[in-house]
Amino acid sequence: MSIFSGFENIISENCPLRDYTWYGLGGSADYLIRPQTTEQLQEIVKRCHENEMPLRVLGFGSNLLISDEGVRGAVLRLENETFCNSAFQQNTLTAGAGANLNKLVLESVRKGLGGLEACTGIPGSVGGAVRMNAGGRFGDIGSVVRSVTVMDRAGHIFEKAKPELVFDYRTVNITAKVILQAVIELTESDPEVLLQQVKEVWIYKKNSQPLDTHNAGCIFKNPRGLSAGALIDRAGLKGTQVGGAVVSEKHANFILTEKGCKSSDVRQLIDLIRTKVHKQFDVDLQLEIELW
Ligand code: EPU
């Protein structure tokens, strides 16, 4: 009997994940699970834990590369309303992990609440953005998150707040498996000024990044004090191609995919970039995207 008996209506077996990622590449998950309530989520998480089944949480798939062989175990998607709700109360925004960060940026701006503008154009879920402290040169989400509610592998729900909650460059000290919601502290500001800032971030990105292509954002983290894109560029790698994967001519820290591209093409190109950058600059590039 399946370890998930009783949950058949929220589980897709052998489910292709490509359509859930921006790259649109890769194989299937053994189980894709869409819990409808927190109780269901708790039970699923517990059963995975008891049966030592790997468990992953899928956000909006914008910083993710799924392998051609797919993913063993269970993949959760918190797409039910229960996990996507958001509410403003004065300066505080409480947002479910499945909420759309981009929409919340604009909603906050309209309300004259500042703090999220740096997250303009980040096509992520709140949970995913918190997990990797999404951001860019204008700031990151971690600077405005006050606390998070999380669920550990045993299904226990608890809150972690600053100062115990510590964000760093593209990372946060959350070890719990599932992020359920984030409380975000905003500042009253002039909506016109905020909108102008949002526009500036958009224009900057549009001018410097290949936004209208199949990609997963920056592939590598910036090494301290350096730009991964500039290093890859200086190594002469713009335009380098493996199969259907090619280093963007516009910004070298982006890998674009052409029709017929396989996930393994992207991985091989990643390895090639790492090797060349190491050889030339003695710098070990660390991945920003997640590999499943
Ligand atoms: N540069 C090059 N060649 C390139 C790319 C960049 O010479 O191919 C140079 C630029 O001219 C600039 C410097 O490198 O002098 C830095 O580049 P950029 O300003 O584009 O910023 P970045 O450090 O490459 C970071 C984030 C981006 C974020 C932008 C803007 C990381 C790894 N990257 O890029 O984040 O959008 O700032 O805020 O933190 C992402 O996280 O997915 C992402 C795209």
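The values are calculated or read from the model by the stated rules, or taken from the named source; none is laboratory data. Note that the structure is a prediction, hence the values are computed from the model and not measured. Please note: Cβ atoms are built from the backbone with ideal geometry, for glycine as well, and neighbour counts cover all protein chains shown. Heavy atoms of the whole protein, side chains included, go into the accessibility calculation; ligands, DNA and RNA do not. Shrake-Rupley method; radii C 1.70, N 1.55, O 1.52, S 1.80 Å.
Exactly one residue out of E13, E69 is open to solvent by 10 Å² or more (accessible area, probe 1.4 Å), of a type in the set (D, E), over 24 Å from I184 (Cβ atoms) and assigned to a loop (DSSP other than H, G, I, E, B): that is E69.
The one condition from (1) in contact with a Gly (Cβ under 9 Å, 6 or more places away or on another chain); (2) of a type outside the set (A, V, I, L, M); (3) closer than 26 Å to N85 by Cβ that K206 does not meet is (3).
Comparison of G112, G136 shows that the only residue that is within 16 Å of the ligand (Cβ to nearest atom) and either touching a residue at least 40 places away in the same chain (Cβ under 8 Å) or small (G, A, S) (or both) is G136. No other residue among V246, V242, V266 is β-branched (V, I, T), open to solvent by less than 30 Å² (accessible area, probe 1.4 Å) and touching an Asp or Glu at 6+ places or on another chain (Cβ under 6 Å) apart from V242.
Sort out which residues of region 241-292 are touching a His at 6+ places or on another chain (Cβ under 9 Å) and closer than 12 Å to F220 by Cα, and write them in order of number. Within region 241-292, D284, L285 qualify.
Here R153 fits the description: more than 14 Å from the ligand (Cβ to nearest atom) and more than 27 Å from Q89 (Cβ to Cβ). Scan region 16-62 residue by residue and report those that are of a type in the set (D, E) and outside any helix (DSSP H, G or I). Selection gives D30, E52. Of the strands (runs of 3 or more DSSP E) lying entirely inside region 89-190, those containing at least 3 residues that are open to solvent by 30 Å² or more (accessible area, probe 1.4 Å) and out of contact with any His (no Cβ under 7 Å at 6 or more places or on another chain) span 157-161. Among the residues of region 209-230, just one is within 6 Å of the ligand (Cβ to nearest atom), open to solvent by 40 Å² or more (accessible area, probe 1.4 Å) and either assigned by TED's automatic domain parsing to the domain that holds F60 or in contact with a strand residue (DSSP E or B) (Cβ under 9 Å, 6 or more places away or on another chain) (or both), namely K221. Scanning region 49-66 for residues that are open to solvent by 70 Å² or more (accessible area, probe 1.4 Å) and either touching a helix residue (DSSP H, G or I) at 6+ places or on another chain (Cβ under 7 Å) or free of Cβ contacts under 8 Å to residues at least 60 places away in the same chain (or both) gives E50, N51, E52. Take the conditions (1) at pLDDT 95 or above; (2) surrounded by 20 or more Cβ atoms within 10 Å (Cβ to Cβ); V193 misses just one of them, which is (2).
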